[in-house]
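The values are calculated or read from the model by the stated rules, or taken from the named source; none is laboratory data. It should be emphasised that the depicted structure is a prediction, and the values quoted were computed from it without experimental measurement. Virtual Cβ from ideal backbone geometry, glycine too; neighbours counted across all protein chains shown. Accessible surface is based on the protein model in full, side chains and every heavy atom, while ligands, DNA and RNA are left aside. Shrake-Rupley method; radii C 1.70, N 1.55, O 1.52, S 1.80 Å.
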Amino acid sequence: MNTETTNAATSTAATRDTRRWWDADGGWSTADATGTVLVIDSWLVDEGRVRGLDRHAERFRSACDRFPEPGAEHTDRFMRAVAESLPARGRWFPRAELVDTGSGTRLRMWLRPAPPRTATVRLWTPTGPDRRRLPAVKGADLAHLAALRAAATTAGADEALLVSTEGHVVEGASTSIVWWRGDTLCGPPPGPGLLPGITRSLLGELARTAGLQVVTEQATAPDLAGLPVWTLNALHGIRPVAEGLGRFQDTDAEEAERWQSRLAALAVPARELPDSRGEPMKEVSP
């Protein structure tokens, strides 16, 4: 291994699974896992390329605006600094965080290696009502959703399915849920009980561009018994539901992979993240 390769490998190892605070005046500094996480957002970085990073940044900014600090401009600068610092090699799943430190709120990035992608997903439905406090804010119910995913794993599944008090399918603990009625892409209607899914919005635009209809509707699990159902998120993209909701056939997986390829083609270099005015990102100094 030559010196350049050795240095690159050492640099990658040094950044693996690290947390860093960001401040407007001082830039980046070493962080730990202390504090209460209020807002998060995550996305897949594959060889320096990301799909929908501008949308993840806007969702994170909007959620942070619920709090007096740090303010829209500060959060915007943080997200541009995050984009500038993302590794150009490897697969990563970074997480932007707004953290209550006890003496105020701070912005933190957690750079994590991306787990392997899985092609299908098994759903498990917990008993009782949806107990999330703020479903539309990613991170507000972090501990509760993590507990649901752990319970799903214990039950032999991969993901927890959340339903409304009326029994309508809402979303997964870490995924959006959509289904197909023929050539029509369907999903739950937007509202305060639903996280705005970035991958779902991208898929909807791809479907419309292909001349397909995209609709919202309320549906119970029995309503979907004969339909192909997909889960969507930034890490895995599209995964057909193999157990726990809808119906699964080999052709469903093949169709999902075709759409997965279209999603992957949307990825662009992370440094092309525009700022809040829609302008290309400029170099961010510490």
Fill in: Unmet requirement for H144, which otherwise passes all of (1) closer than 28 Å to W259 by Cβ; (2) assigned to a helix (DSSP H, G or I); (3) more than 16 Å from the chain's Cα centre (by Cα); (4) of a type outside the set (A, V, I, L, M, F, W, C)
(1)
Discussion item. I need the full set of residues from the stretch 103-116 which are at pLDDT below 95 and open to solvent by 50 Å² or more (accessible area, probe 1.4 Å), in order please.
Written reply: S103
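Return the residues of the stretch 176-198 that are within 16 Å of the chain's Cα centre (by Cα) and open to solvent by 10 Å² or more (accessible area, probe 1.4 Å); say none if nothing qualifies.
Residues satisfying the conditions are S176, L194, L195, P196, G197, I198.
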Worksheet item: Do any strands (runs of 3 or more DSSP E) entirely within the stretch 202-262 hold 3 or more residues that are under 18 Å from the mean Cα position of the chain (by Cα), and if so, which?
Response: 229-233, 237-243
Worksheet item: Which one is surrounded by the fewest Cβ atoms within 10 Å (Cβ to Cβ) among residues in the stretch 27-40 that are β-branched (V, I, T) and farther than 13 Å from D141 by Cβ?
Response: T30
Discussion item. Among the residues that make up the stretch 127-135, is at least one of them of a type outside the set (D, E, K, R), open to solvent by less than 40 Å² (accessible area, probe 1.4 Å) and not in a loop (DSSP other than H, G, I, E, B)?
Written reply: no
Fill in: Some residue of the stretch 79-92 being assigned to a loop (DSSP other than H, G, I, E, B) and open to solvent by less than 10 Å² (accessible area, probe 1.4 Å)
no
Discussion item. Taking the criterion of being among the small types (G, A, S), open to solvent by 20 Å² or more (accessible area, probe 1.4 Å) and touching a residue at least 24 places away in the same chain (Cβ under 8 Å), would at least one residue in the stretch 94-102 satisfy it?
Written reply: yes
Discussion item. List pairs: first residue in the stretch 10-37 and within 12 Å of L111 (Cβ to Cβ) and at pLDDT below 75, second residue part of a loop (DSSP other than H, G, I, E, B) and among the acidic types (D, E) anywhere in the structure, Cβ distance under 7 angstrom, at least six positions apart or on different chains.
Written reply: none
Response to the item:
Subset of the stretch 206-226, residues touching a residue at least 40 places away in the same chain (Cβ under 8 Å) and aliphatic (A, V, I, L, M), comes to L206, A219, A221, L224
Discussion item. All but one of (1) out of contact with any helix residue (DSSP H, G or I) (no Cβ under 9 Å at 6 or more places or on another chain); (2) crowded, with 17+ Cβ neighbours inside 10 Å hold for D76; state the number of the condition that does not hold.
Written reply: (1)
Worksheet item: Which condition breaks for V39 when tested against (1) more than 15 Å from the chain's Cα centre (by Cα); (2) on the phi < 0 side of the Ramachandran plot?
Response: (1)
Item to complete: Take R51 and decide whether it is modelled with pLDDT of 95 or more, open to solvent by less than 40 Å² (accessible area, probe 1.4 Å) and either more than 13 Å from D100 (Cβ to Cβ) or over 16 Å from the mean Cα position of the chain (by Cα) (or both).
Response: yes
Worksheet, complete the sentence: If you go through A57, A24, the only one that is surrounded by fewer than 18 Cβ atoms within 10 Å (Cβ to Cβ), in contact with a helix residue (DSSP H, G or I) (Cβ under 6 Å, 6 or more places away or on another chain) and at negative phi is A24
